[in-house]
1. From the phi angles alone, apply the Karplus equation (6.51, -1.76, 1.60; θ = phi - 60°) to the stretch 77-88 and give each ³J(HN,Hα) in whole Hz, x where the residue is Gly or Pro.
2. Do the sum for the chain: with -39,500 (n - 2.57) for every DSSP H run of n ≥ 4, divided by all residues, what is the mean residue ellipticity at 222 nm, to the nearest 500 deg cm²/dmol?
3. Shape call for the stretch 40-88 from the C-alpha gyration tensor, a ≥ b ≥ c root eigenvalues: rounded (a/c under 1.5), prolate (a/b greater than b/c) or oblate?
4. How about K135: which lysines have a C-alpha closer than 24 Å to its C-alpha, ignoring those fewer than 8 places off in the same chain?
5. List the residues, sorted by chain then number, that are 5 or more residues from R153 or on another chain and whose placed amide H is less than 5 Å from its amide H.
6. Say R0 is 25 Å: what FRET efficiency, to the nearest 0.05, do E62 and E26 get from their beta-carbon distance?
7. What list of ³J(HN,Hα) values in whole Hz, one per residue of the stretch 98-108 in order, does the Karplus curve 6.51 cos²θ - 1.76 cosθ + 1.60 (θ = phi - 60°) give from phi, with Gly and Pro shown as x?
8. Please work out the FRET efficiency for the pair R18 and K187, using the Cβ-Cβ distance as r and a Förster radius of 35 Å; give the result to the nearest 0.05.
Amino acid sequence: MIAENIRQVRERIREACRMAGRDPGEVTLIAVTKTMPCEAVMEAYAAGERIFGENRVQEILEKQPKLPSDVRWHMIGHLQRNKVKDVIDRAEMIHSVDSLRLAQEIETQAQKADLIAKILLEVNVAGEASKFGLKAEEVASVCEELSCLPHIRVCGLMTVAPYTPIPEENREVFRKLKKLSVDIRLKNINNINMNVLSMGMTNDYEIAIQEGATMIRVGTGIFGERI
């Protein structure tokens, strides 16, 4: 089932890219393994997936030793500052940097680990009280603050759009994040790139792709409903 789900998701990615006049190679699929056992992850691995996203640091710590060494983990859930040290050398990218203080802690831990951490700034585009993320108007100033930190590489932006049974309703959210990334790119801030837009999940990733997503985070569409 998982292999067939992946095939269908990739076909829908290709179709969304065709409609938007984009190359499907521009879109990275992140298979979200939240609460899923290693057996399910290995089914996706056998179907060709190598990039997996986790919402909790503890799940990365538990699963990583049990899975092949070429699995690449992305931290996509809310990250507490006291957990940064546990994930700094395990996550290829941290999507959910939602405050200046968190970014500064990532810098501290990356320096200790002698590495450069790739991060995305999480933006609460829709202004939902239940969601984490920077306000859109804060992002540029945070980028300025982070530009001098040598162990962080800001690669772009991320958002979690509102859940809605009508995916089209989130088009404006994705459009605003894309515009924000363009506006920041035009500022030419040192050490700040806007090459990555992580947006779109199982229910709305096709709309996100049409609006410029370069990474989509799909869990239920691959693994089924959460355990």
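Any read-out appearing in this document is the output of simple, stated calculations on the displayed coordinates, not a laboratory observation. Just so we're clear, the structure is a prediction, and the values are computed from it rather than from any experiment. Cβ: placed from backbone, ideal geometry, glycine included. Neighbour counts: every protein chain shown.
1. For the stretch 77-88, the Karplus-derived couplings read x, 4, 10, 7, 4, 6, 9, 4, 4, 7, 10, 4 Hz, x marking Gly and Pro.
2. Numbers: 9 runs with 87 residues, N = 227.
Estimated from H runs of four or more residues: -11000 deg cm²/dmol.
3. Numbers: a/c = 2.57, a/b = 2.08, b/c = 1.23.
Prolate is the answer for the stretch 40-88, as a/c is 1.5 or above and a/b outweighs b/c.
4. K83, K118, K176, K178, K179, K187
5. A117, K118, I119
6. So, using R0 = 25 Å, E works out to roughly 0.20.
7. Values, residue by residue: 10, 7, 5, 5, 5, 4, 5, 5, 4, 4, 4 Hz.
8. Working: r = 33 Å, r/R0 = 0.93.
In this case the efficiency is close to 0.60.
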